[in-house]
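Remarks on the structure that follows.
The values are calculated or read from the model by the stated rules, or taken from the named source; none is laboratory data. None of these values were measured; they are calculated from a predicted model. Heads up, the Cβs are rebuilt from the backbone with ideal geometry, glycines too, and the neighbour counts pull from every protein chain shown.
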Ligand code: SF4
């Protein structure tokens, strides 16, 4: 008989443990409150503006766009070069201006000439996601941001920070890619907790579980983390000690442009 070696995948973090991690992070970086929401089409444009740039720069670019054109309907009618000039403070304007024009044009085409996407809130989550995913340049992350942040629907949006923390905490296994992670994490996080999960994990990834030299010695979820030992051994047993203590308490909520004066 051939002795087959069966490789077993190590188990991933349970839903209960993830809930515990969110609670610990919320105590550290919370409370997470957001009264301010953009309408969904605005959130979509803001999401494009926030690609590969800081929240501050994308906030500036969005403010400039609205100052210059007043409404998204006017942006949809504008020349790409005029959009490019308006969003220049956000960076990558040459790439983002045609993207904005194209996506707004497609929404108008598919939605009977309207940019009002509030009808998505009446759809089942999977259908609302599928509707957004047919738009050019809208992947699972952008669809999740629009549905969760604008319409309060329980859609996941896994960005690079959240993905890294999920991998290190083994909420997903090492072979799971970012796109697939959306569905897995949506199944593990209760609908009412998706917003808290997002803001907790993104804050943790930005402040403590950084890509380079994570501050494992100062990590509030270190006791739940199967990667901690490995990082401590690699970086030094006092990983994080001697580094500036990460900022506690609430920071700006991601994906929401700062209020303009
Ligand atoms: S212990 Fe280290 S690797 Fe694990 S979550 Fe904390 S900072 Fe990230």
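Among the residues of the stretch 67-85, is there at least one that is within 21 Å of the chain's Cα centre (by Cα), at pLDDT 95 or above and under 19 Å from residue 143 (Cα atoms)?
No, the stretch 67-85 contains no residue that is within 21 Å of the chain's Cα centre (by Cα), at pLDDT 95 or above and under 19 Å from residue 143 (Cα atoms).
Which one of 220, 199 is at pLDDT 90 or above and surrounded by 23 or more Cβ atoms within 10 Å (Cβ to Cβ)? Before the answer, list the steps.
Working: 220 fails: surrounded by 23 or more Cβ atoms within 10 Å (Cβ to Cβ).
Among 220, 199, only 199 is at pLDDT 90 or above and surrounded by 23 or more Cβ atoms within 10 Å (Cβ to Cβ).
Check the stretch 98-108 and report whether any residue there is closer than 30 Å to residue 209 by Cα and surrounded by 22 or more Cβ atoms within 10 Å (Cβ to Cβ). So that I can check it myself, show each step before the final result.
So the first thing to find is which residues in the stretch 98-108 are closer than 30 Å to residue 209 by Cα, and the list is none.
No, the stretch 98-108 contains no residue that is closer than 30 Å to residue 209 by Cα and surrounded by 22 or more Cβ atoms within 10 Å (Cβ to Cβ).
For the stretch 149-156, indicate whether the set of residues that are within 10 Å of the ligand (Cβ to nearest atom), within 26 Å of residue 37 (Cα to Cα), crowded, with 24+ Cβ neighbours inside 10 Å and in contact (Cβ under 8 Å) with a residue 60 or more places away in the chain is non-empty.
Filtering the stretch 149-156 for residues within 10 Å of the ligand (Cβ to nearest atom) gives none.
No, the stretch 149-156 has no match at all.
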Right, residue 138: in contact (Cβ under 8 Å) with a residue 60 or more places away in the chain, part of a helix (DSSP H, G or I) and within 30 Å of residue 191 (Cβ to Cβ) or not? no
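So, in the stretch 122-132, exactly how many residues are assigned to a helix (DSSP H, G or I) and surrounded by fewer than 14 Cβ atoms within 10 Å (Cβ to Cβ)?
4
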Some residue of the stretch 226-241 being at pLDDT 90 or above, within 10 Å of the ligand (Cβ to nearest atom) and not in a helix (DSSP H, G or I): yes
